[in-house]
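Taking it in order: structure first as structure tokens, then the write-up.
Nothing in this text is a laboratory measurement; each read-out follows from the coordinates by a stated rule. Being a predicted model, the structure only gives us computed values, none of them experimental. As a convention, Cβ positions derive from the backbone with ideal geometry for all residues, glycine included, and neighbour counts pool all protein chains shown.
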Amino acid sequence: MAAQHLRSPKTASLLVLGAGETARTAARHFVDEGVGETWILNRTAAHSEEIAREIGGRTLPLDRLESGLE
């Protein structure tokens with residue numbers, strides 16, 4: 001589905017807000033579809049770090065959300 005909406009998923013960046021099961025599933029799906037850089041943001045750093053490790057993504061601290069959207 002992601003590939004249908006993105007011209008080139010490999011050049012797209014993904015920011016996942018939250019680290020619950022839905023966020024984890026969505027992140028895996030987009031990575032499986034070939035999305036480029038993936039960032040995980042959550043209030044609890046340890047939770048976002050866990051998902052980032054699983055999918056080969058990176059974390060973004062909550063206080064950097066605004067700059068992460070630029």
**Q.** Convex hull projection area averaged over all views, the range 19-70, Cα basis, nm²
**A.** 3.4
Q.
Just to be sure I understand the model, the point goes 7 Å from the Cα along the line to the Cβ. What's the resulting residue 46 to residue 13 distance in nm?
A. 2.8
